[in-house]
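Asks: Below you will find the structure I want to go over with you.
The values are calculated or read from the model by the stated rules, or taken from the named source; none is laboratory data. Keep in mind that what you see is a predicted model, and the values were worked out from it rather than measured. Cβ coordinates were reconstructed from backbone atoms using ideal geometry, including for glycine residues, and neighbour counts include every protein chain displayed.
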Amino acid sequence: MNSNDRDRQAIRAEFEGARATFHALLESASEEELARPSNGTRWTNRQLLFHMMFGYMVVRALLPLVKIVRRLPDSGRVFAGLLDAATAPFNIINYWGSCGGSRLYSRQRMGRKFDAVIAALERRLAAEPEANMDRSTAFPMRWDPFFKSKMTLAAVYHYPTEHFDFHERQLTLSGA
């Protein structure tokens with residue numbers, strides 16, 4: 001088994017672990033707990049759970065963009081710089097998007113959406129050509145503490161679970 005096969009297995013295991021955790025959190029939380037403030041964010045627990053799910057949704061949309069940007073002559077450094085320059089509006093959209101999204105998604109709908117996004121990412125990962133996994137592109141480091149200046153496609157697949165695990169520690173749910 002080569003290192004990319006091991007990496008794919010690790011990514012799938014991360015996805016499945018996050019999925020199981022997400023469902024356990026949704027199922028065990030009371031409505032009062034979901035409405036409570038989280039720890040270290042301006043979001044409620046419900047909004048933070050949506051944001052955690054949204055991290056996977058963003059990666060699903062980001063994967064095709066990563067493949068395009070890495071073909072740029074500068075490996076996307078200029079594009080990443082432009083995105084870094086837009087950090088302030090990104091942060092506003094990121095915050096309010098999770099506030100609004102959590103109002104549109106019931107607990108059951110969030111669970112179904114999480115399952116669908118994980119399944120789509122797993123299908124894409126399984127179909128990903130071996131050569132793509134080690135290819136890299138520049139990333140906007142100011143957008144997220146888990147973004148590096150240059151990330152491989154494998155690192156992009158790992159990212160949403162790092163994001164998920166970080167935010168899980170900020171939940172103030174009894175099951176967290």
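Asks: Among residues belonging to the range 65-107 that are out of contact with any strand residue (DSSP E or B) (no Cβ under 9 Å at 6 or more places or on another chain) and in contact (Cβ under 8 Å) with a residue 60 or more places away in the chain, point out the one that is farthest from Thr44 (Cα to Cα).
Replies: Leu83
Asks: Starting from the range 132-149, keep only residues that are under 14 Å from Asp84 (Cα atoms), then list their pairs with residues that are part of a loop (DSSP other than H, G, I, E, B) and of a type in the set (S, T, N, Q) whose Cβ atoms are within a distance under 7 Å, requiring at least 6 positions of separation or different chains.
Replies: Final answer for the pair search is Ala138/Ser75; Ala138/Ser149; Phe139/Ser149; Met141/Ser149.
Asks: Here are Glu162, Glu122: which of them is among the acidic types (Asp, Glu), within 28 Å of Ala29 (Cα to Cα) and either touching a Leu at 6+ places or on another chain (Cβ under 7 Å) or without any contact (Cβ under 8 Å) to a residue 60 or more places away in the chain (or both)?
Replies: Glu162
Asks: So, in the range 11-45, how many residues would count as being surrounded by fewer than 19 Cβ atoms within 10 Å (Cβ to Cβ) and aromatic (Phe, Trp, Tyr)?
Replies: Residues flagged as surrounded by fewer than 19 Cβ atoms within 10 Å (Cβ to Cβ) and aromatic (Phe, Trp, Tyr) within the range 11-45 amount to 0.
Asks: Would you confirm whether or not the range 138-148 contains a residue that is assigned to a helix (DSSP H, G or I) and more than 30 Å from Leu34 (Cβ to Cβ)?
Replies: No, the range 138-148 contains no residue that is assigned to a helix (DSSP H, G or I) and more than 30 Å from Leu34 (Cβ to Cβ).
Asks: Shifting gears a bit: Just for the range 149-176: of the residues that are of a type in the set (A, V, I, L, M, F, W, C) and assigned to a loop (DSSP other than H, G, I, E, B), which one is nearest to the chain's Cα centre (by Cα)?
Replies: Leu171
Asks: Sticking with this structure for a sec: For residues in the range 21-71 being within 30 Å of Glu128 (Cα to Cα) and of a type in the set (Lys, Arg), which is modelled with the highest pLDDT?
Replies: Arg60
Asks: When the range 124-171 is examined, which residues are found to be buried (at least 17 other Cβ atoms within 10 Å of the Cβ) and among the hydroxyl-bearing types (Ser, Thr, Tyr)?
Replies: Selection gives Ser136, Thr137, Thr152, Tyr157, Tyr159, Thr161.
Asks: Could you list, in sequence order, the residues of the range 110-134 that are part of a helix (DSSP H, G or I) and over 21 Å from Glu16 (Cα atoms)?
Replies: Glu130, Ala131, Asn132, Asp134, listed by residue number.
Asks: If you don't mind, there's one more thing I want to ask. Working only within the range 88-109, note down all residues that are part of a helix (DSSP H, G or I) and of a type in the set (Phe, Trp, Tyr).
Replies: Matches in the range 88-109: Phe90, Tyr95, Trp96.
Asks: Could you tell me which numbered condition Gln108 fails, if it satisfies all but one of (1) loosely packed, with under 15 Cβ neighbours inside 10 Å; (2) under 22 Å from Glu162 (Cβ atoms)?
Replies: Going through the list (1) loosely packed, with under 15 Cβ neighbours inside 10 Å; (2) under 22 Å from Glu162 (Cβ atoms), Gln108 breaks only (2).
Asks: Also, quick follow-up: When the residues of the range 10-64 are narrowed to those that are farther than 14 Å from Ser98 by Cα and among the basic types (Lys, Arg), which ends up farthest from the chain's Cα centre (by Cα)?
Replies: Checked the range 10-64; the qualifying residue farthest from the chain's Cα centre (by Cα) is Arg36.
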